[in-house]
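Here the structure is laid out as structure tokens; the discussion comes afterwards.
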């Protein structure tokens, strides 16, 4: 019996591995950011995009506050809890910022409209926040 695998069986193994990773709940995304480039993030649920940035909490907060204010109407803000709630395109958007270390921050953007997930809005807000910090 040969120990070498055929290309067909390797393809099957690769496909099975990809399905297992996607079933784990975190699907990597390349959030389109228009002309400025592509921003990496992860869809951690049907309504949430999250990523880790090499920026301070204050830098991320300032960018998130500016972008959510431009894109829509901020209804709640809590700098202590690092959370902003806004209405953007008729969608309730919750931006949460958490320190991972002194120079690394986790940004999470959740978007829902009438109890339905709006991942496209979450991706758009996430990408604009990240691109705003890179200017």
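Readers should treat all values here as calculations from the given coordinates under stated rules, not as data from a laboratory. Owing to the predicted nature of the structure, the values given are computational and were not obtained by experimental measurement. Cβ: placed from backbone, ideal geometry, glycine included. Neighbour counts: every protein chain shown.
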- Task: Any chance you could count how many residues in the stretch 124-135 are closer than 16 Å to residue 96 by Cβ and either part of a strand (DSSP E or B) or out of contact with any helix residue (DSSP H, G or I) (no Cβ under 6 Å at 6 or more places or on another chain) (or both)?
- Result: 3
- So how many residues does the stretch 103-120 have that are over 18 Å from residue 83 (Cβ atoms) and in contact with a helix residue (DSSP H, G or I) (Cβ under 9 Å, 6 or more places away or on another chain)? 1
- Query: Applying the selection to the stretch 104-123, what residues are surrounded by fewer than 22 Cβ atoms within 10 Å (Cβ to Cβ), assigned to a strand (DSSP E or B) and free of Cβ contacts under 8 Å to residues at least 60 places away in the same chain?
  - Reply: 106, 113, 116
